[in-house]
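A short write-up of the structure that comes next.
The values are calculated or read from the model by the stated rules, or taken from the named source; none is laboratory data. In this text the structure is predicted, and so the values were computed from the model without any measurement. Note: ideal-geometry Cβ built from the backbone for every residue, glycine included; neighbour counts use all protein chains shown. For accessibility, only protein heavy atoms count, side chains too; no ligands or nucleic acids. Shrake-Rupley method; radii C 1.70, N 1.55, O 1.52, S 1.80 Å.
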Amino acid sequence: MGDYRSKFAMVETMMNRRIPQMICFAFGAALFTVFFLSHPLAKDLNLTITVDYWQIIFAFTLIVGVVSFVRITIKNIKKGEDRPYRIVSLIGLIAMPVLALIWGIRGDSPFMWVFEYVQVPMQSTVFALLAFFVASASFRGFRARSAPAAVLLIAALLTLLSRSSLEGILPVYFSDFADWIRSNPSMAARRAILIGIGLGSLTTSLRVLLGIERTWLGGEK
Amino acid sequence: MSATRSQPVFETRHLIFLSLFLIILVTMLIGYNPEIKVTSETQKVYDYIDSLPSGSVLIVSFDHEASSLPEIKPIALTVLRHAFSKDIKLIGTALLAEGTGVGYRLITETAKEYNKEYGQDFVYLGFKPQYIAAILSMGESIPDTYPEDYLDKPYFSNEMLKDIINYDDVAGVISIADGSLTTHWIEYGASRYNVNITAAVTAAMMTTYDPYIASNQLYAMFGGLRGAAEYEKLIDRGGAGKRGMLAQSVSHIYVIILIIIGNIMYFVQRKRRRGSK
Amino acid sequence: MDWSTIIAGLLTLAILSFLYRDNPAYKMAESLLIGVSIGYFLVIIWTKTIMDLLVDPLFYDAKWPLVIPMALGIMMFGRFHKKTSSLSRIPIAVLIGSGAGVAIPAMLEARILKQVSATVGPLLTDTGMPDISVIVVLIGVLTTLSYFYFSHEHKGALGVSAKVGTYFLMAFFGTTFGYTVMSRMSTFIGRMEFLLSDFLKLTQ
């Protein structure tokens, strides 16, 4: 019995960790190698993995996300939490595939009508609300408390002034200086961040492929 | 319920919000269009498209969501109008699902203005998920990535696509983006397949791409409503960019005033606190 | 005015009502937006990927090797049951492994080598004068990188360098803030143009 249990645990570890790690390494090594090859076979392999494997699996993962959303929404409707709002969400979600199924998704279809006259206006207005919150944050949080904060403030003020139509009234060197700040000190900091992210991504990718980084496998189970 | 009752009817933030709303409302009702200067970055994008011989093929990728449409639409329209007026053939793609519907609408409506024909002068391929995979696979084979176009027509049934297999057959890519997707065009498209990338982005993303401009990995970039207004001036055609410039400028000044008032209040309070110690 | 514009206008106003405070009209519009957005996404993914890249080639063109990515995709649904949840790790392994394999050369070339080589330019101009911009960029990149170096305490030369790096970072954040304000205002101006021109017909 004990032997059976240990064998079962071994198979479970294989399924949970070893096999995914091996697959991860195999696919990573294949695509890494293909990058340096120009042979037609290498190109075919690249195309197979990026189109057939990558995109199809990714599409399924998105569908899994949608199914999860539906399950949680139905659970909350049953519980009575924000019931009217949850029902509206669910109706919206179901309506889109139904409209697409009956009338298609082209040009002037009802599906596109909902997208253009319901989704786009609301989504862009939600984004537009940020204009007000940015204004409020400028008033409340943008204070020259220290020398670095003063630099932040000056850079922001220069940018805002140089990109307004006051540029015609202000001296030419004002806009030139704002542009210089953006193209040099500001760009230098952004470049350093970019290099830092690059180094981080590189090492993380290597750690993932070599099996040192295993957090993507989740917990022990 | 009691929590709702205890909330004041009017708070400081409401005053800030209302002032901004009224300022933009009034400036838009005035309808005055201030004169603006064309920056060198917008000029570079214009010169690039203008220098392409007629019949060249450009990929225009709608890499944005519906949320940024009010800012993206004027930017996209200027590029599309300029390209169609120069008889450049366009292939429309989208790397974000929401860009798909928007891109199709924009490209077909602009094409109508210039009497351009679908399949001959422009084609819309639509959306592919997982942007890195889409960019890489298009580098190998566009027809394999998009066996059919957005209208479900087979790829090669479109006359203008007969000789277009991968990035080697196009003059470049213009990424119309509101996020970091242009980065992937640069890192995977330009680095690996040497395709020329130009960006038309929202203003918030411009500083993100500055290092790529400085290193010549990104050929040119313009953006924001202000960029759209500058481009409208270059192609001599008014639009939402030009119409919005007074409101844009006044809103900047409003934010500057808020920052100054906020700082004055901070320093007065700090002086008082130090005085009382 | 057509019904489409009236509906779009009313929904826009419902979202804007949040500026006063959270209210049922906003919540209803927000819930509808969530549902419709997910529905739209689902339809596009289904038609443009599942149908175009999988179902049509597999069942009409008999492209049988596609059975493998299909099986891998279906394994993702294993997440919904405890007993089958480990199956979903296999497609995730494919995505993560291939993503890492692609990222290594791309990051090395596009983010590190190209950016470093662009930083190291001639420090003197053609006339023999020091090129201030090149020097500023070089100092900026090095000091900002030192700010993010956390393996040693920021003391002595590293401390000074990290402090200088902070100023460069603030210049970047300030400039980015300016452009972000510009962007958000542009979006609101766009919505106002819709309300004033299409919905209320107050402007042309």
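Numbers at a glance
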quantity: Subset of region C:48-60 that is at pLDDT below 90 and at the interface with chain A (Cβ under 7 Å from one of its Cβ atoms) - its residue that is farthest from A:A100 (Cα to Cα); calculated: C:L53
quantity: Among (1) more than 21 Å from B:F222 (Cα to Cα); (2) under 25 Å from the mean Cα position of the chain (by Cα) - the single one A:R106 does not satisfy; calculated: (2)
quantity: Of all residues in region B:193-212 being at the interface with chain C (Cβ under 9 Å from one of its Cβ atoms) and under 16 Å from B:L95 (Cβ atoms), the one that is most open to solvent (accessible area, probe 1.4 Å); calculated: B:M205
quantity: When residues of region B:41-82 are limited to those that are in contact (Cβ under 8 Å) with a residue 60 or more places away in the chain and of a type in the set (G, A, S), the one farthest from the other protein chains (Cβ to nearest Cβ); calculated: B:S56
quantity: Failed item in (1) open to solvent by 10 Å² or more (accessible area, probe 1.4 Å); (2) more than 14 Å from chain A (Cβ to nearest Cβ); (3) more than 25 Å from A:L47 (Cα to Cα), with B:G179 passing the rest; calculated: (2)
quantity: Cβ-Cβ under 9 Å pairs, at least 6 apart or on other chains, region B:237-248 side in contact (Cβ under 8 Å) with a residue 24 or more places away in the chain and more than 7 Å from chain C (Cβ to nearest Cβ), far side part of a helix (DSSP H, G or I) and among the aromatic types (F, W, Y); calculated: B:G239/B:Y231; B:G241/B:Y231
quantity: Selected residue (only one of A:V172, A:V151, A:V134, A:V208 is of a type in the set (A, V, I, L, M) and modelled with pLDDT under 90); calculated: A:V172
quantity: In region C:1-14, residue least open to solvent (accessible area, probe 1.4 Å) [restricted to those that are among the β-branched types (V, I, T) and facing another protein chain (nearest Cβ under 7 Å)]; calculated: C:T12
quantity: Candidates B:L225, B:L234 - the one that is on the phi < 0 side of the Ramachandran plot and open to solvent by 10 Å² or more (accessible area, probe 1.4 Å); calculated: B:L234
quantity: Count of region A:202-215 residues which are without any contact (Cβ under 8 Å) to a residue 60 or more places away in the chain and open to solvent by 30 Å² or more (accessible area, probe 1.4 Å); calculated: 7
quantity: Residue count, region A:167-189 (criterion: under 14 Å from B:I213 (Cα atoms), of a type in the set (D, E, K, R) and facing another protein chain (nearest Cβ under 7 Å)); calculated: 1
quantity: Test: residue in region C:74-84 that is touching a residue at least 12 places away in the same chain (Cβ under 8 Å) and surrounded by 22 or more Cβ atoms within 10 Å (Cβ to Cβ); calculated: yes
quantity: Complete set of residues in region C:139-157 that are surrounded by fewer than 15 Cβ atoms within 10 Å (Cβ to Cβ) and more than 27 Å from the chain's Cα centre (by Cα); calculated: C:S151, C:H152, C:E153, C:K155, C:G156, C:A157
quantity: Number of positions in region B:42-58 that are assigned to a strand (DSSP E or B) and either hydroxyl-bearing (S, T, Y) or in contact with a Pro (Cβ under 9 Å, 6 or more places away or on another chain) (or both); calculated: 0
quantity: Where B:D87 falls short, out of the listed (1) outside any helix (DSSP H, G or I); (2) modelled with pLDDT under 95; calculated: (2)
quantity: Cβ pairs under 8 Å, 6+ apart, first in region C:54-70 and under 25 Å from C:S88 (Cα atoms), second among the hydrophobic types (A, V, I, L, M, F, W, C) and surrounded by fewer than 14 Cβ atoms within 10 Å (Cβ to Cβ); calculated: C:L58/C:W64; C:L58/C:V67
quantity: Search result, residues across region C:123-148 that are in contact with a helix residue (DSSP H, G or I) (Cβ under 7 Å, 6 or more places away or on another chain) and farther than 30 Å from A:T204 by Cβ; calculated: C:L123, C:S133, C:V136
quantity: One residue from C:V120, C:V164, C:V136 being surrounded by fewer than 15 Cβ atoms within 10 Å (Cβ to Cβ) and out of contact with any Phe, Trp or Tyr (no Cβ under 7 Å at 6 or more places or on another chain); calculated: C:V120
quantity: Odd one out for B:W185 among (1) open to solvent by 10 Å² or more (accessible area, probe 1.4 Å); (2) of a type in the set (F, W, Y); (3) within 12 Å of chain C (Cβ to nearest Cβ); (4) touching a strand residue (DSSP E or B) at 6+ places or on another chain (Cβ under 8 Å); calculated: (1)
quantity: Selected residue (criterion: surrounded by the most Cβ atoms within 10 Å (Cβ to Cβ)) from residues of region B:124-170 that are of a type in the set (V, I, T) and not in a loop (DSSP other than H, G, I, E, B); calculated: B:I135
quantity: Residues located in region A:155-166, provided they are more than 14 Å from B:V250 (Cβ to Cβ) and more than 7 Å from chain C (Cβ to nearest Cβ); calculated: A:L157, A:L158, A:S162
quantity: Unique residue being among the hydroxyl-bearing types (S, T, Y) and more than 7 Å from chain A (Cβ to nearest Cβ) when the list is C:S17, C:S37, C:S31; calculated: C:S17
quantity: Filter result for the condition that a residue is touching a residue at least 40 places away in the same chain (Cβ under 8 Å) and more than 22 Å from A:L160 (Cα to Cα), over C:L195, C:L158, C:L138; calculated: C:L195
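Residue-by-condition table, conditions (1) without any contact (Cβ under 8 Å) to a residue 40 or more places away in the chain; (2) assigned to a helix (DSSP H, G or I); (3) open to solvent by less than 10 Å² (accessible area, probe 1.4 Å):
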site	(1), (2), (3)
A:L129	yes, yes, yes
A:A135	yes, yes, yes
A:A144	yes, no, no
A:L166	yes, yes, no
A:S186	yes, yes, yes
A:L194	yes, yes, yes
A:G200	yes, yes, no
